[in-house]
1. Report, largest value first, the span of the C-alpha coordinates of the range 1-54 along each principal axis, in whole Å.
2. Please work out the FRET efficiency for the pair residue 312 and residue 182, using the Cβ-Cβ distance as r and a Förster radius of 51 Å; give the result to the nearest 0.05.
3. Choose one answer from 287, 116, 204: the residue with the largest mean-square fluctuation in a GNM of the chain with alpha-carbon springs under 10 Å.
4. Might you report the magnitude of the Cβ-based charge dipole of the chain about its Cα centre, with Lys and Arg at +1 and Asp and Glu at -1, to the nearest 20 debye?
5. Enumerate the amide H contacts of residue 17 below 5 Å, restricted to partners 5 or more residues apart or on another chain; note that Pro and chain-start residues carry no placed amide H.
6. Mean Kyte-Doolittle of at least -0.5 plus a Cα span of 15 Å or more along the axis: flag which DSSP H helices in the chain meet both, please.
7. Classify the range 242-307 as rounded, prolate or oblate, taking a ≥ b ≥ c as the square roots of the eigenvalues of its Cα gyration tensor: rounded when a/c is under 1.5, otherwise prolate if a/b is larger than b/c and oblate if not.
8. When N is the residue count of the range 141-285, what does its C-alpha Rg come to as a fraction of 2.2 N^0.38 Å?
Amino acid sequence: MLVQGTHYRTVWFEQNRIRFIQQNDLPHFFNILTLSTYEEAAHAIEHMLIRGAPAIGAMGGFGMALAILNAPNETWKEEVQTAAQRLRSTRPTAQNLFFGIERVLRAILQATNLQEAINRGITEAQNLADDEVNSSREIGRLGAELIQDGWNILTHCNAGWLACVDWGTALAPIYYAAQEGKKCFVYADETRPRGQGSKLTAWELGQAGIDHLVIADNAAGHFMSRGKIQMVITGADRIAANGDAANKIGTYTKAVLAQENNIPFYVAAPLSTVDFNCPSGAEIPIEERSQDEVHYTWGLNDDGNIVRVRTTPEFSQSANPAFDVTPARFITGIITEKGIVAPHQISQLKA
Ligand code: MRU
């Protein structure tokens, strides 16, 4: 997608290095970082310098490419297994991360010598990133058919191109519909505690010229009940075989509100997000993140510096589950690159 007229992917491989857009600095500063080792890639995922399910999947794949590029000749097979384990340990919920790491690891281990392993690793990581772009574009094309001219659409968290390699998942149909000349308006949930909606979705929509409002997380029911929202689209971090979907904390609440208000609730996700071995949402591991994300907030002060301020009493503890599970019964349909299906039909799309 375009940033001030220049096309970017969220993460890419260039001259044997990973380059990516540093998301913690947005929306105030646009910075691109360069990584040379798989450990740096693991750190970037863990600390959410890059985040969003398909984006960390691509980063995991490129991290594996760096692991084999830097591996010693005698022990490259052991080295890539160690790297895969380290990259898997970074975040537990998004299925795409595991999908990306395993896909590149498998390709590397088919090689009979180090040079062949390097070639295979880099090629597979590139193919993975390209496949994610193609899937997102197709989700956009199919999802756009659901959108009527003039609709207001609510989304939660950031499931736009920053969360993917390009295009996005939940935002892809909106970008595609806009390119087709449909006018859509987006209500972007702020998405406490980290503010992916207010910081990233709002920034992305602004770059694309899509009209939007940032709303407090607890305002969605109000707008739904007043007839202001015609459709909800969110992304997903992991979809279970029965169609239950884990996504950013607060998604479940929006799905229940949508059903109460007779508003269609769609989940948009590539098949790399589907965990066909996971029977239901109850088995999806939910990441618990630092209490500090609830206690503190980050923002730009009047001197132009990004600063952290505490918003809770010093004596209070907090709980910070990063995701929740929306049961399949609240989901109108899942928009994938292979078609739009009812949640209980998702397993039929297994390759
Ligand atoms: O914790 P994050 O910011 O990585 O969570 C991201 C989300 O929950 C997105 O909605 C999800 O990854 C879908 S992305 C296309």
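1. The Cα atoms of the range 1-54 stretch 32, 24, 20 Å along the principal axes, largest first.
2. 0.75
3. Taking springs between Cα atoms under 10 Å, the residue moving most is 116.
4. Here the size comes out at about 480 debye.
5. Correct list: empty.
6. Helices meeting the span and hydropathy rule in the chain are 53-69, 95-109.
7. Details: a/c = 2.49, a/b = 1.72, b/c = 1.45.
Prolate, because a/c is 1.5 or more and a/b exceeds b/c.
8. My calculation over the Cα atoms of the range 141-285 gives 0.98.
Laboratory data are not the source of any read-out in this text; all were calculated from the coordinates shown. Being a predicted model, the structure only gives us computed values, none of them experimental. Cβ: placed from backbone, ideal geometry, glycine included. Neighbour counts: every protein chain shown.
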